[in-house]
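One structure is given below, encoded as structure tokens.
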Amino acid sequence: MNETDTPPSAAAGVECRAAKDPAVRKFIIAAMLVGFGIWCLTDLRKAPEAWDMKHINEAAAYLLNNWGPWLFFPLALVVIVATIIALHRKLTADAQGLGYGDKRIAWSDITAINAKLLESKGILRIETSRGKAMTLDSWKLQNFKALAKFIEDHVPADRIKR
């Protein structure tokens, strides 16, 4: 199925899984962090003679190469775990409202939808009566066109700003 197709269950609801492109970029960042950590491990340095401005290059090299892996490897792990969690999230829009899992916005709570960037960038900004806002991005969600159509069908036209 591609983005232009409307799923057969569009009357019941629309489900949008996370897109793969943002996840690939985050995995590349994690791979770079691992690479930096390995590079630091291969070039361990001894402590500088003195911790002053005259020996700033030796001190910076010592800190980066001896303490860099303690920074880069955990950061890579955090990026990987956060990306895997983001890949398993799915946005659901049905008769009750839209949202991720239990954190849903009821259709009656939506006060305005800013659709000015929908055509050019594929971005919808949903404002609620609780003061919270949700931004939906076509780059981060699969099946976005069906979602936008479903939202348009369930929100009064006077609340949509184009």
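Show the residues, 5+ positions off or on another chain, whose built amide H is closer than 5 Å to the amide H of Lys90.
Residues meeting the criterion, in which the H sits 1.01 Å from N, are Gly101.
List every DSSP H helix in the chain whose Cα atoms extend 30 Å or more along the helix's own long axis and whose mean Kyte-Doolittle hydropathy is at least -1.0.
Membrane-span-like by this criterion, though nothing is claimed about a membrane: 20-42, 56-88.
How much length is gained if the chain between Arg45 and Ala86 is pulled fully straight, taking 0.36 nm per residue apart and subtracting their Cα-Cα distance, in nm to one decimal?
So the extension gain works out to 11.0 nm.
Short version: what are the Cα gyration tensor semi-axes of the chain, square root of 5 times each eigenvalue, largest first, in whole Å?
For the chain, the ellipsoid semi-axes come out as 47, 17, 13 Å.
Can you tell which of Ala19, Gly131, Gly68 lies farthest toward the positive end of the dipole of the chain, using +1 and -1 charges on the Cβ of basic and acidic side chains (Lys, Arg; Asp, Glu)?
Gly131
So, counting K/R as plus one and D/E as minus one, what does the shell of residues with Cβ under 9 Å around Ala86 add up to?
Numbers: positive: Lys26, Arg89, Lys140; negative: none.
Counting the neighbours of Ala86, the net charge comes to +3.
When Ser138, Ser120 are ordered from fewest to most other Cβ atoms inside 10 Å of their Cβ, what list results?
Sorted ascending by nearby Cβ count, the order is Ser120, Ser138.
If a/c stays under 1.5 just call it rounded; otherwise compare a/b with b/c (prolate if a/b is bigger, oblate if not). Do that for the stretch 20-87, with a ≥ b ≥ c from the square roots of the Cα gyration tensor eigenvalues.
prolate
How far apart, in nm, are two points set 7 Å out from the Cα along the Cα-to-Cβ line at Lys20 and at Asn57?
4.6
If R₀ is 35 angstrom, what is the calculated FRET efficiency for the pair Glu119 and Met32, using the beta carbon separation as r and rounding to 0.05?
Here the calculated transfer efficiency is 0.50.
How big is the gap, in Å, between the Cα center of the stretch 44-73 and the Cα center of the stretch 128-156?
49
No lab work stands behind these numbers, since they all come straight from the coordinates. Just so we're clear, the structure is a prediction, and the values are computed from it rather than from any experiment. Note that we place each Cβ from the backbone using ideal geometry, even for glycine, and neighbour counts take in every protein chain shown.
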